[in-house]
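The values are calculated or read from the model by the stated rules, or taken from the named source; none is laboratory data. Owing to the predicted nature of the structure, the values given are computational and were not obtained by experimental measurement. Cβ coordinates were reconstructed from backbone atoms using ideal geometry, including for glycine residues, and neighbour counts include every protein chain displayed.
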């Protein structure tokens, strides 16, 4: 017998369904993702820390759970909301069901709800806090008032690696031609996977590593990873990046892009309902070419205050927000979207090669 449960939003709206996965309550900022596939990558993406994710695709779990689709060490979302969960997946590499995967890590899922209605509300009113509960909705609504808001919490320390490590996929890998250090603000595994496939040795380091320690490693280049939360809370990290800018080639992705923008005088602002999905059109201003991109962010960079030395290189065609910048003098580029995909189209992997060309020029 499925346990009745609700998701209650802070505006008082509630949606009834049934709990699957862990039989527990959970709260967080409620957001929606429009990807048709890739639910396992979404669940393990550190940028979703502190959030309950509503998937707009109607049936989720069809191809089960496979080890190669993991994007971090564990599930990062606080809850998952779907229209229908598949309890009999069919795929040769599947080792578990969606419900089993959630239950194994104590994460609650909610199924049987009208995810289109929730998505319409979030698009109209903006993302908001919510709670998945098996108690009466009124009790959940009261509890929400006393819980911390998403925007007040620095989630980066919760998802960053506690200690440095080398990314090695095969002990017999040939010698690499360069060494890249990735600052882990919420690193997805596909970033070091791609860099390693392009001949880089990759070392992943904690987000709080001081600039002096980073420079002592003497890398050929730096990658500032994606991650969760409000970049306005990351003043110390921004100061570290200011010190590194111009010393080593740098590539920023998503949160890393926002941190770079703030390091060069820009401001960030919260989007009404964010960009989360695998179908966001972005224009490269240098070539006028449009790319379909994978995105997951709730904040964006504002051009106001950006140093004249910084050039906007990419814009979102849906709302005109900044999607990429480069420095006119230093070997620095950044993008707001996910060049590593997972999930999403792989059209933008070329940006890693563009960054590595900068690295080669500095060697």
Testing residue 147 on (1) under 17 Å from residue 33 (Cα atoms); (2) touching a strand residue (DSSP E or B) at 6+ places or on another chain (Cβ under 9 Å); (3) in a loop (DSSP other than H, G, I, E, B), one condition comes back false. Which one is that?
(1)
Filter the stretch 187-204 down to the residues that are crowded, with 21+ Cβ neighbours inside 10 Å and farther than 16 Å from residue 341 by Cβ and list them by number.
200, 202, 204
Conditions (1) assigned to a loop (DSSP other than H, G, I, E, B); (2) over 29 Å from residue 123 (Cβ atoms); (3) touching a residue at least 24 places away in the same chain (Cβ under 8 Å); number of the one not met by residue 340:
(2)
Cβ pairs under 7 Å, 6+ apart, first in the stretch 96-119 and surrounded by fewer than 18 Cβ atoms within 10 Å (Cβ to Cβ), second at pLDDT below 95 and assigned to a loop (DSSP other than H, G, I, E, B)
106/24
With the structure loaded, tell me whether residue 154 is part of a loop (DSSP other than H, G, I, E, B), at pLDDT 95 or above and farther than 21 Å from residue 69 by Cα or whether it fails that test.
yes
Residue count, the stretch 1-55 (criterion: within 23 Å of the chain's Cα centre (by Cα), over 24 Å from residue 149 (Cβ atoms) and surrounded by fewer than 21 Cβ atoms within 10 Å (Cβ to Cβ))
4
How about the stretch 67-90: which of its residues are assigned to a loop (DSSP other than H, G, I, E, B), touching a strand residue (DSSP E or B) at 6+ places or on another chain (Cβ under 9 Å) and modelled with pLDDT of 95 or more?
76, 77, 78, 82, 83, 86, 89
Search the stretch 133-154 for residues that are farther than 26 Å from residue 18 by Cβ and pair each with any residue that is modelled with pLDDT of 95 or more and part of a helix (DSSP H, G or I) when their beta-carbon atoms are under 7 Å apart and the residues are at least 6 apart or on different chains.
154/233
In the stretch 343-359, what residues are touching a residue at least 60 places away in the same chain (Cβ under 8 Å), farther than 17 Å from residue 316 by Cβ and over 12 Å from the mean Cα position of the chain (by Cα)?
349, 352, 353, 355, 356, 358, 359
